[in-house]
1. Criterion first (among the hydrophobic types (A, V, I, L, M, F, W, C), at pLDDT below 95 and surrounded by 10 or more Cβ atoms within 10 Å (Cβ to Cβ)) does residue 22 satisfy it?
2. Answer with yes or no whether residue 68 is surrounded by 15 or more Cβ atoms within 10 Å (Cβ to Cβ), under 20 Å from the mean Cα position of the chain (by Cα) and not acidic (Asp, Glu).
3. Just name the residue that is farthest from the chain's Cα centre (by Cα) out of those in the stretch 110-127 that are within 22 Å of residue 84 (Cα to Cα) and among the β-branched types (Val, Ile, Thr).
4. Taking the stretch 38-51 only, how many residues are free of Cβ contacts under 8 Å to residues at least 60 places away in the same chain and either out of contact with any strand residue (DSSP E or B) (no Cβ under 7 Å at 6 or more places or on another chain) or surrounded by 17 or more Cβ atoms within 10 Å (Cβ to Cβ) (or both)?
5. Restricting attention to the stretch 71-82, report how many residues are in contact with a Cys (Cβ under 8 Å, 6 or more places away or on another chain) and either closer than 12 Å to residue 123 by Cβ or surrounded by 17 or more Cβ atoms within 10 Å (Cβ to Cβ) (or both).
6. Only one residue in 40, 107 is more than 15 Å from the chain's Cα centre (by Cα) and among the charged types (D, E, K, R). Which one?
7. Looking at this structure, is residue 122 at pLDDT 90 or above, surrounded by 14 or more Cβ atoms within 10 Å (Cβ to Cβ), among the β-branched types (Val, Ile, Thr) and within 16 Å of residue 39 (Cβ to Cβ)?
8. When you look at residue 114, is it buried (at least 18 other Cβ atoms within 10 Å of the Cβ) and assigned to a loop (DSSP other than H, G, I, E, B), yes or no?
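The values are calculated or read from the model by the stated rules, or taken from the named source; none is laboratory data. Note that the structure is predicted; figures quoted are calculated from it, not measured. Glycine gets a Cβ as well: all are built from the backbone with ideal geometry, and neighbour counts include every protein chain shown.
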Amino acid sequence: MKWTRRTLASLFVLIVTIAGTACTSTKEVGIIEAAPIAEDACFNVRDVRSFDAIRDRFVYVRCLRDRHYLLTMEDACQGLQNSLAVAVASGFNRVCSHDRATLTYRDFDRTRHCRILRVEAVDDLAAAEKLVESRTNPKIE
């Protein structure tokens, strides 16, 4: 049987591939838990039931029909964590990412406004907090 160069090269690649996978280590390495997945979303202003500030740049929003959202503010909002009378102000009924809606709240005796940069659907408050944690704390390796 006469072997062509092309056949020999293909056979060599196949042998190297099989040998390489056989020698691969099966030792488990440290698994880094991935951040929860969140997708850009929109919500109806009238459906909002409660707000929870997470740090000074993120707000968790609980809506009707068991829907949950994480709002990312354009900049840090001073006094957001201890705020009162939180409300979403928008020219439309729906609030989506990048549509220039604002979050209005009272910080002691002063009314403050923060622009909403991003709206993401999340599973619950724990998922929102985990997502914020993954975005704000740098990983040290």
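1. Details: among the hydrophobic types (A, V, I, L, M, F, W, C): yes; at pLDDT below 95: yes; surrounded by 10 or more Cβ atoms within 10 Å (Cβ to Cβ): no.
Taking the combined requirement at face value, the residue does not satisfy it.
2. Numbers: surrounded by 15 or more Cβ atoms within 10 Å (Cβ to Cβ): yes; under 20 Å from the mean Cα position of the chain (by Cα): yes; not acidic (Asp, Glu): yes.
Considered against the rule, which asks whether it is surrounded by 15 or more Cβ atoms within 10 Å (Cβ to Cβ), under 20 Å from the mean Cα position of the chain (by Cα) and not acidic (Asp, Glu), residue 68 comes out as yes.
3. 111
4. Of the stretch 38-51, the ones free of Cβ contacts under 8 Å to residues at least 60 places away in the same chain are 44-51.
With the extra rule that they be either out of contact with any strand residue (DSSP E or B) (no Cβ under 7 Å at 6 or more places or on another chain) or surrounded by 17 or more Cβ atoms within 10 Å (Cβ to Cβ) (or both), the set shrinks to 46, 48, 51.
Number satisfying all stated conditions: 3.
5. Taking the stretch 71-82 first, the residues in contact with a Cys (Cβ under 8 Å, 6 or more places away or on another chain) are 73-75, 77, 80.
Within this subset, residues satisfying the condition of being either closer than 12 Å to residue 123 by Cβ or surrounded by 17 or more Cβ atoms within 10 Å (Cβ to Cβ) (or both) are 73, 77, 80.
Residues that pass the stated criteria total 3.
6. Values: 40 fails: more than 15 Å from the chain's Cα centre (by Cα).
None of the other options fit; the residue is 107.
7. So residue 122 passes the test.
8. Numbers: buried (at least 18 other Cβ atoms within 10 Å of the Cβ): yes; assigned to a loop (DSSP other than H, G, I, E, B): no.
Here the answer is no, as residue 114 does not meet what is asked.
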